[in-house]
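Contents: one structure, followed by commentary.
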Amino acid sequence: MSTFTSSLANADPGRPGVALVSISRLQSLCETVAPRYAGRARFFSVREGYGAAVTALQAYVDAGSVDVVLAAGANGAYLRENLSVPVVTVKVNGFDVLSAITRATTTWPGAQIGLVLHETISHELADLDAWLKVSLKQRAYRSIDEVRLAVANLAAEGCGVIIGPGMACDFAQEAGLASVFLYSLGAVEEAFERSVELARVSRQKESKRVRLNTIVAHLRDGVAAFDEAGQVEAVNPAMLELLGLGASQEASLGSRDQELPALVERAVGPLLRETLEHDQPIEERIEQIGGRALIVNCVPIMEQGVRTGSVVTLQDALVAQRIDRSLRTSQRPKHLVARHRLDDLIGGSAALERVRRLARAGAAHDATVLLSGESGTGKELVAQGIHNASRRRGNPFVAFNCAALPEGLIESELFGHEEGAFTGARRGGKPGLFEIAHTGTIFLDEIGEMPAALQSRLLRVLQEREVMKLGSGRATPVDVRVIAATHRDLHALVEQGAFRADLYFRLNLLQIELPPLRERRGDVAPLARHLLSRSALQYGLSAAALDRVLAFLEPLFEHYAWPGNVRELENLLVRAAIYVGDDGGEAGPDDQALFPEFGRMKQALGKSPASAARPAAEAAETASSRATPTRDEALHALEQAGGNRAAASRALGIGRTTLWRLMKE
C-alpha cells in the first residue's frame, strides 16, 4: 500500500471506504483529487487490473473496509461484474473529448488523430470532422487486448496521435506515437463525488442491515427474506435449525454459502408459490416441515405499493404451546383458586365415605365428572376437592353457575368474544371462562339449567377441546377438565327432550351422587361443631357459648329434615350464634319466631314447638346460670373425663377457657 493510501485510510475508521483502482495514468489524477474528500471517506489505492484487482479488493470487501470501488473503462466494467459492492466508473463526456482533440491539434498540427473509446464510438464526432477540420479515426474496446489492437490498427492507418485512456496512451508511447490522456480532472472529480456519496449511503444501509441482522439472528423464530423471484436474500440461524439444516456462524443472515439458500428455497418454496398464486398471505398455519410441526407465516414485502419480495417466519409449535400456557398462567385472575380439599368433607357416615372414595378415584384421571345431589349438599366443595387432588392442582379452578345469567351472556362468559362481536362488547375482546381455565378445571354448576341452544356448543367443546369466540372465525385449543353439577334428574330431562342426550352421555362419565344431610344424621353434630368452630372468632364465641349453641340446636340434629342441607345448617348455626351465644343473651319466649325450624320439626314429629325447644332451652339456661365451680371440682371433673378437657368443660357447664383458668389458679 502506498503512503497515499495509508495516510487516507487509517484516520477515522468509521467513515465509508472507497477503493481507487487504476492500472495507468488515472492514478495521478486520483491522488490529486482524493485529499479534498479525506474528511468524508477513506481511500484505498489498488494498482492492479481485472482479475488481480478483484483478488486484491475482495480482502477489503470481506473486512468491511471498502463500500464503493472507483475505476474506469473496461477495468471498471469487469470489476462491476465480479464484485459485490458498487463500482463507480469515471465517465467521459463530450467536453472531455473535444478538449483532448483541441490539445492534440494544437500540439501536433496536421497530424492524423486516433480516438480510443470504451465500448462504443461517437457518431456525432464523425459528423463534426469537417467542422473541426481534423482527420479523426475512432476505435472501441472492451478489454486490454482490444486496446492494444485498436492502437496498432490506428497506427497502421497513419494516425500519429492517440487519444484514449491510460492504457491506450501507454501502448501508443510503446509504438512511438504521441498521445493525449482522455480523462479530465473534472471527470475524476465528478466520479469522486458520486463515489463518496454512494459510499456514505451504502455504509448507512450496511449499518442498518448489520443491526437488523444482529437482532434477527437472536430471534427464536426462524426468519427468511426472499426477493421477487423467490431467491433467498437473508436467513437467520433459527430458520436453518427449524428446517433441520443446522445453524452456524457462517449460516447467519446474509450468508454467502450457496448450498444453504437453495435448501431453504426448496423447503419453503411451496409457501411462496401459494401466496403468489392466491395473492393472500399465510398467517399462523400449522405445517409439517421436516417432520416437525411448525407455525408458518408468509407475508409480502411491499415498497411504495409494489411487491418486492416476501418474508417467511417459522415457529416451533411446541414452543408456542409452552409460551401460550405460560401467558395464560401469568395473566389469569388470582382468585381462581380451589380452597377446599376432600378432607374438608366432615363426617364418618358410609354415604360420605363413598363420596370421598369415588372423588379420589375420579381425581386420578381427567375424565368428566357429573355431581348430582340436592342443593346445599356440597357439590362445589367436592368439585374443588377433586381439582386439588388431581394433577391440575395449582392451575385455575373456574366456577360458573349456568342458571345465573341470560342465554346471551352465558355464551359470552363461557366462550368469550372478539371486539365488536355485539353491541356493548368489551373493547379488545374478552377471553371466555374455558380459556381462562386452560390447564385447570371448569366447574359448571346447575348444568341442567343450560339453555338448549348452548348445549350443542358445550358438546363441541367437550368433543374437540377447542372454543370459538363470538365474532371469531378461528378456534382456540383448550386443555380443561370439566366437572358438572346438577340437582335435577338429567335422565328424566333427556326423556322429556329438555336436555341433549349426547351431552348427557358425554357428561355422565363419572357420576358421584351426594347424599342429603337427613340421610347421614350421624354426621350432623360433628359437622355443626366444625362449622361453628370455624366461625367462632368472627362471632366472638367462647367455648361455653359454642357448647350452648350446640346444646340448643341438638334436638334439630336428630329430628329435623334439613331441606336446605349443609347450607341450611350453616345459616342456622350463624343465627344461633348471634341469638344464643355469649353476646346474644339467653333463649327467650320468641324462640319459635327466631327458630321456625323447631316448629317444622314439631309438625313432623307431632309435638308442640314449646316441648321440642324446651330441653335445649332449659339446658342452655342451666348452663348459663350455674355458679362457677371451684378448682377442686374442676380437677375432679377432669379426672372423671380421663383428662379430656372438652368433656370436663361440658360436665361442669363451663367453657374450656374457664376450665384452663381454674387449673392455672
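Per-residue Cβ neighbour counts within 10 Å put K133, K379 in the sequence K133, K379, beginning with the fewest. Stretched out straight at 0.36 nm per residue, the stretch from E464 to E124 would grow longer than its current Cα-Cα span by 114.3 nm. Entry for region 342-515 at q = 0.19 Å⁻¹: log10 I(q)/I(0) = -1.27, Debye formula applied to identical alpha-carbon scatterers, no solvent contribution.
When the charge dipole of region 342-515 is built from unit charges on Cβ atoms (+1 for Lys and Arg, -1 for Asp and Glu) and taken about the Cα centre, the candidate among F400, G440, G497 whose Cα reaches farthest toward its positive end is G440. Annotation for region 453-555: trypsin sites (Lys or Arg not before Pro) lying in DSSP loop with at most 12 further Cβ atoms inside 10 Å of their Cβ are R474. Distance between the 7 Å Cα→Cβ label points at V311 and N153: 5.4 nm. Look at where the Cα atoms of region 282-300 and of region 207-230 average out, and the two centres are 18 Å apart. Counting Lys and Arg as +1 and Asp and Glu as -1, what is the net charge of the other residues whose Cβ lies under 13 Å from the Cβ of V161? That sum, taken over residues with Cβ under 13 Å, equals +1.
Residues L405, L662, arranged from fewest to most other Cβ atoms within 10 angstrom of their Cβ, appear as L405, L662.
Computed from the Cβ-Cβ distance with R0 of 25 Å, the FRET efficiency linking I578 to A604 stands at 0.45. Length gained on full extension, H218 to E558, computed as 0.36 nm times the residue gap minus the Cα-Cα distance: 115.1 nm. The dipole here belongs to region 342-515: it is taken about the Cα centre, uses +1 on the Cβ of Lys and Arg and -1 on the Cβ of Asp and Glu, and is about 500 debye. Shape summary of region 191-245, radius of gyration then Dmax from alpha carbon positions: 15.1, 47 Å. Give me the distance in nm between label points sitting 7 Å out from Cα along the Cα-to-Cβ direction at F505 and E197, one decimal. Taking the simple label geometry, F505 and E197 are separated by 8.1 nm. For region 94-182, the spread of Cα coordinates along the three principal axes comes to 33, 25, 21 Å, biggest extent given first.
Normalised Debye scattering of region 60-215 at q = 0.12, 0.14 Å⁻¹ gives log10 I(q)/I(0) of -0.58, -0.73, counting only Cα atoms as equal scatterers and leaving out solvent. For region 36-101 versus region 496-530, the inter-centroid distance based on Cα atoms is 90 Å.
Restricting the calculation to alpha carbons of region 8-102 gives Rg and Dmax of 13.7, 45 angstrom. Counting pairwise Cα distances across region 430-585, what percent come out greater than 28 angstrom? Considering region 430-585, 47 percent of its Cα-Cα pairs are separated by more than 28 Å.
For region 435-499, the fraction of C-alpha pairs farther apart than 17 angstrom is 48 percent. Here the extension length gained between R209 and E287 equals 25.1 nm, from 0.36 nm per residue of separation less the Cα-Cα distance.
Values in this text are rule-based calculations from the coordinates and carry no lab data. Values in this document were obtained by computation on a predicted structure and should not be read as measured data. Positions of Cβ are backbone-derived with ideal geometry, glycine not excepted, and every protein chain shown enters the neighbour counts.
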